[in-house]
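Participant: Structure incoming, see below.
The values are calculated or read from the model by the stated rules, or taken from the named source; none is laboratory data. Since the structure is predicted, the reported quantities are computational estimates derived from the model, not experimental observations. For neighbour counting, all protein chains shown are included, and Cβ atoms are generated from backbone atoms with ideal geometry for every residue, glycine included. Heads up: the accessible areas ignore ligands, DNA and RNA and are worked out on the full protein's heavy atoms, side chains in. Shrake-Rupley method; radii C 1.70, N 1.55, O 1.52, S 1.80 Å.
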Amino acid sequence: MNKSRAIYPGSFDPVHFGHLDVIRRSTHLFSDLIIAVAASNSKGPLFTVEERMAMLRETLGDDPAITILPLEGLLVDFAREHGVFTVIRGLRAVSDFEFEFQMALMNRKLEPRLETVYLTPKEDYTYLSSRIMKEVARFGGDVSQLAPRQVIQGFERLRGQNREIL
Ligand code: ADP
């Protein structure tokens, strides 16, 4: 087991400045970070896993400390496969707590070695979620303060392909 590695799982549909803040903080704490992009089909994602991974890759550039991988199936199986048992999650507000608490305990029940570490973002990003950003983009609002250029271009591509922003 390598203690300096961690997994940051999520839907990242699409990535925004809140996620990037958590990623930056994680790379200060861990020497290797795996960003695990979950399909989250039950959430009806806007972007495909490949599109979400590409936006993350283009935003983060070539950083040897960061690996971006798709997450299929259970997080505990992914953790075992990679031998990484530290999971990063972001906590924005009390509203995140209940679900995160449940998930951490369930994951630990499935894999006792798994520990979840919570990081809080800069206050400016505590209101930010992919869902709310998509809502703004859907009605043509300016999302340039919420997400990197690569995501703004992603929204533009969707419009070009006549794909609805839902
Ligand atoms: P999930 O489907 O796993 O909730 P998200 O992409 O919505 O995926 O979030 C991934 C992780 O990033 C979660 O731990 C979530 O709490 C965290 N996160 C999302 N938005 C923010 C934010 N604005 N600031 C800090 N953490 C965040």
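Participant: Six or more apart or on different chains, Cβ atoms under 6 Å: show the pairs whose first residue is in segment 90-115 and of a type in the set (A, V, I, L, M) and within 12 Å of the ligand (Cβ to nearest atom) and whose second is open to solvent by less than 100 Å² (accessible area, probe 1.4 Å) and assigned to a strand (DSSP E or B).
Facilitator: So the pair list comes out as Leu91/Tyr118; Ala104/Thr116.
Participant: Mind telling me which of the residues Val49, Val37 ends up being β-branched (Val, Ile, Thr), within 14 Å of the ligand (Cβ to nearest atom) and farther than 23 Å from Leu91 by Cβ? Break it down into steps so the answer makes sense when it comes.
Facilitator: Details: Val37 fails: farther than 23 Å from Leu91 by Cβ.
Every option except Val49 fails the conditions.
Participant: What pairs come up if the first residue lies in segment 68-85 and is without any contact (Cβ under 8 Å) to a residue 60 or more places away in the chain, the second is of a type in the set (D, E, K, R) and outside any helix (DSSP H, G or I), and their beta carbons are under 8 Å apart, counting only those six or more places apart or on different chains?
Facilitator: Qualifying pairs under 8 Å: Val76/Glu111; Arg80/Glu111.
Participant: Given the conditions (1) more than 9 Å from the ligand (Cβ to nearest atom); (2) buried (at least 17 other Cβ atoms within 10 Å of the Cβ); (3) touching a residue at least 40 places away in the same chain (Cβ under 8 Å), report the number of the one that Phe12 does not fulfil.
Facilitator: Here Phe12 clears every test but (1).
Participant: Just wondering, is there one or more residues in segment 27-37 that are open to solvent by 40 Å² or more (accessible area, probe 1.4 Å) and modelled with pLDDT under 95? Before the answer, list the steps.
Facilitator: So in segment 27-37, the residues open to solvent by 40 Å² or more (accessible area, probe 1.4 Å) come out as 27-29, 31-32.
In the following step, the residues that additionally are modelled with pLDDT under 95 were identified as none.
No, segment 27-37 has no match at all.
Participant: Right, another one. Note down all Cβ pairs under 6 Å where the first residue falls in segment 47-65 and is within 18 Å of Ala147 (Cα to Cα), the second is in a helix (DSSP H, G or I), and they're at least six residues apart or on different chains.
Facilitator: So the pair list comes out as Met55/Gln150; Met55/Val151; Met55/Gly154; Glu58/Gln150; Thr59/Gln150.
Participant: Look through segment 116-158, keep the residues that are open to solvent by 90 Å² or more (accessible area, probe 1.4 Å) and not in a loop (DSSP other than H, G, I, E, B), and return whichever of them is farthest from Val15 (Cα to Cα).
Facilitator: Glu123
Participant: When the residues of segment 15-26 are filtered to those that are more than 7 Å from the ligand (Cβ to nearest atom), touching a residue at least 60 places away in the same chain (Cβ under 8 Å) and under 9 Å from the mean Cα position of the chain (by Cα), which remaining residue is least open to solvent (accessible area, probe 1.4 Å)? Working first, answer last.
Facilitator: Taking segment 15-26 and keeping what is more than 7 Å from the ligand (Cβ to nearest atom), we get 15, 17, 20, 23-26.
Next, from what is left, pick out any that are touching a residue at least 60 places away in the same chain (Cβ under 8 Å): 15, 17, 20, 25-26.
Okay, now just the ones that are also under 9 Å from the mean Cα position of the chain (by Cα), so 15, 20.
Working: Val15: 1, Leu20: 32 Å².
Per the stated criteria, the residue is Val15.
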